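The values are calculated or read from the model by the stated rules, or taken from the named source; none is laboratory data. Treat the numbers as computed from the prediction; the structure is a model and nothing was measured. Quick reminder, even Gly has a Cβ in these numbers, built from the backbone with ideal geometry, and neighbours come from all protein chains shown.
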Amino acid sequence: MTEQKPVVLVVDDERDHADGIVEALERLPVKALAVYTGEDAIEVLRSRRVDVVVTDLKLEGAADGLDVLHAARQNSDSTEVILITAYGTIENCKEAIRQGAFDYLVKPLDIDQLRTLVEQASRRAAGAGTRRVQSERSQEHFIFEGIMGDSPAMQRIFEIVRRVAPTNISVLIEGPSGTGKELLARSIHSNSRRRNKAFRPVNCAGLTETLLESELFGHVKGAFTGANTDRKGLFEIADEGTLFLDEIGDMPLTMQAKLLRVLEDGLVIPVGSNKPVSVDVRIISATNHTLNELIGQNKFREDLYFRIKGVNVSLPALRERPEDIPLLVQHFLQEAADEIGSRVSGVTDAAMQVLTNHDWPGNIRQLKNVVRTMVVMCDRDRLDVQDLPPEISRRRQLTGGTAASANLAGVSLNDLEKKAILDTLTKTEGNREKAARILGIGERTLYRKIKEYNL
């Protein structure tokens, strides 16, 4: 497969100057294109991948070079921006660098210097990666806002989401309760071209059929008892945005038929009205059911299934990606500590082992609540096993989820730690790097404990 060339967008309201820069960059292994207004540059940034922007600071029209910089940073933190300026506005460029610009050049341009900067900026853009919303400088493990994980399972999901987010294709997110389906849906929306429009979630299992129809399609005054005014439905409210249909597997069959009609023709009819309203809404659905099984039981329409399943994303249970638990624990710990003003800043190895080896039936939602509770109750600077809630203490799963480890009364902490390390090394076939990651400890700590326990 041929490697894609870095894309360089040149922005200058002097057409000859812009075209000259594009010609000068043709000697580099990049694809350069020119636009002549800030507004056009912002539109390009919203619609396609751009690795490097070379823009004049002063542009005629409503948008100048700083506006282009802000649009670039808003659309992708991996896009680097080089500013071109006259001598008198150097201070503005220095301020722009503090706001995230890569560098600046002073007119008249030194073409060799420009080529060097573009090459450097292209390498940095490639290193940052198009998947990460957090800056490369932060070194955080966030993929889109609030989504994190280094496990192979999550990396596959990030790749799917990176590809599907900028499109209008419908997405079906499957996975157990508490795995973060709505958070993933919000991330898809926030990285889409609809990001500046509404994102509206609705729980299809939490409303009666009548209320769900009114919630989705709206109603007119007098449509039913209590309908005292006209009310727009979520389809109209989310027009040009995204509608998230959570627990769609629990939607009644009659509502499924009405939803399918809307998705096919883009028209909604409010309850009590016969006047259709045109809408443009992207649909993201989620379920903790297996929809194919519901189809076989005649509880879900097959034609609706194929309509909503443009791209399918399956979120794994937390127990299926234990190597991500230390990262999640630290994130939730910091989040809780900041919220309540706690001085807690870390977790002991012993406590992290218990958290990592627990089976987490409530998934990420349960883990977040447990960590928050531990932070609230802890009066030291590190969480320890004594801070674990009773339901976790009673079920320390140290053998990857077997029932035999549930009864641990009378066993010393050292014996538990030794067993956890031995079992994890067995599970990873002696891979110490992977074992340390699963146990939530550093490799040096693992090596020391292996020697200490003579493993």
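Filtering Asp77, Asp51 for residues that are acidic (Asp, Glu), crowded, with 20+ Cβ neighbours inside 10 Å and within 21 Å of Asn196 (Cβ to Cβ) leaves a single hit, Asp77. Taken over the stretch 80-127, the criterion of being buried (at least 20 other Cβ atoms within 10 Å of the Cβ), of a type in the set (Val, Ile, Thr) and in a helix (DSSP H, G or I) is satisfied by Val118 alone.
Considering only the stretch 200-218, I want to know if a residue exists there that is among the aromatic types (Phe, Trp, Tyr), more than 13 Å from Ile283 (Cα to Cα) and either assigned by TED's automatic domain parsing to the domain that holds Pro276 or surrounded by 21 or more Cβ atoms within 10 Å (Cβ to Cβ) (or both). It would help to see each step written out before you state the result.
Start the filter on the stretch 200-218 by keeping residues that are among the aromatic types (Phe, Trp, Tyr), which leaves 217.
Next, from what is left, pick out any that are more than 13 Å from Ile283 (Cα to Cα): 217.
Filter once more, keeping what is either assigned by TED's automatic domain parsing to the domain that holds Pro276 or surrounded by 21 or more Cβ atoms within 10 Å (Cβ to Cβ) (or both): 217.
Yes, the stretch 200-218 contains at least one residue that is among the aromatic types (Phe, Trp, Tyr), more than 13 Å from Ile283 (Cα to Cα) and either assigned by TED's automatic domain parsing to the domain that holds Pro276 or surrounded by 21 or more Cβ atoms within 10 Å (Cβ to Cβ) (or both).
Here are Glu236, Glu240: which of them is over 16 Å from Ser214 (Cβ atoms) and not in a strand (DSSP E or B)? Even if it seems obvious, please write down each step before you answer.
Working: Glu236 fails: over 16 Å from Ser214 (Cβ atoms).
Sole residue among the options that is over 16 Å from Ser214 (Cβ atoms) and not in a strand (DSSP E or B): Glu240.
Being modelled with pLDDT of 90 or more, in contact with a Leu (Cβ under 8 Å, 6 or more places away or on another chain) and over 18 Å from His189 (Cβ atoms) is a property that Leu318 has. Within the stretch 105-118, can one find any residue that is at pLDDT below 85, under 26 Å from the mean Cα position of the chain (by Cα) and either of a type outside the set (Lys, Arg) or not assigned by TED's automatic domain parsing to the domain that holds Ser187 (or both)? No, every residue in the stretch 105-118 fails to be at pLDDT below 85, under 26 Å from the mean Cα position of the chain (by Cα) and either of a type outside the set (Lys, Arg) or not assigned by TED's automatic domain parsing to the domain that holds Ser187 (or both).
The set of residues in the stretch 253-284 that are basic (Lys, Arg), surrounded by 14 or more Cβ atoms within 10 Å (Cβ to Cβ) and outside any helix (DSSP H, G or I) contains only Arg282. In the stretch 39-52, the condition of being part of a loop (DSSP other than H, G, I, E, B), modelled with pLDDT under 90 and on the phi < 0 side of the Ramachandran plot is met by at least one residue. Residues that are surrounded by 13 or more Cβ atoms within 10 Å (Cβ to Cβ) and not basic (Lys, Arg) within the stretch 285-302 comprise Ser285, Ala286, Thr287, Asn288, His289, Leu291, Leu294, Ile295, Phe300, Glu302, listed in sequence order. Scanning the stretch 153-169 for residues that are closer than 16 Å to Leu183 by Cα and in a loop (DSSP other than H, G, I, E, B) yields one hit, Ala165. The single condition among (1) within 19 Å of Asn363 (Cβ to Cβ); (2) modelled with pLDDT under 90; (3) buried (at least 20 other Cβ atoms within 10 Å of the Cβ); (4) not aromatic (Phe, Trp, Tyr) that Ser192 does not meet is (1).
What about Asp67, is it out of contact with any Cys (no Cβ under 9 Å at 6 or more places or on another chain) and crowded, with 23+ Cβ neighbours inside 10 Å?
Working: out of contact with any Cys (no Cβ under 9 Å at 6 or more places or on another chain): yes; crowded, with 23+ Cβ neighbours inside 10 Å: no.
No, not satisfied.
Of the residues making up the stretch 285-320, those that are part of a helix (DSSP H, G or I) and either closer than 15 Å to Met251 by Cβ or under 24 Å from the mean Cα position of the chain (by Cα) (or both) are Leu291, Leu294, Ile295, Glu302, Asp303, Leu304, Tyr305, Arg307, Ile308, Leu318, Arg319, Glu320.
Considering only residues of the stretch 29-38 that are of a type in the set (A, V, I, L, M) and part of a strand (DSSP E or B), which is farthest from Glu14 (Cα to Cα)?
Ala32
Of the residues in the stretch 279-302, at least one is in contact with a Lys or Arg (Cβ under 7 Å, 6 or more places away or on another chain), at pLDDT 90 or above and not aliphatic (A, V, I, L, M).
Tell me whether the stretch 125-144 contains one or more residues that are of a type outside the set (Phe, Trp, Tyr), closer than 21 Å to Glu26 by Cα and at pLDDT below 85. Working first, answer last.
Applying the first criterion (of a type outside the set (Phe, Trp, Tyr)) to the stretch 125-144 yields 125-141, 143.
Checking the rest, the ones that are also closer than 21 Å to Glu26 by Cα come to 125-126.
Then keep just the ones that are at pLDDT below 85; that gives 125-126.
So far as the stretch 125-144 goes, yes, one or more of its residues are of a type outside the set (Phe, Trp, Tyr), closer than 21 Å to Glu26 by Cα and at pLDDT below 85.
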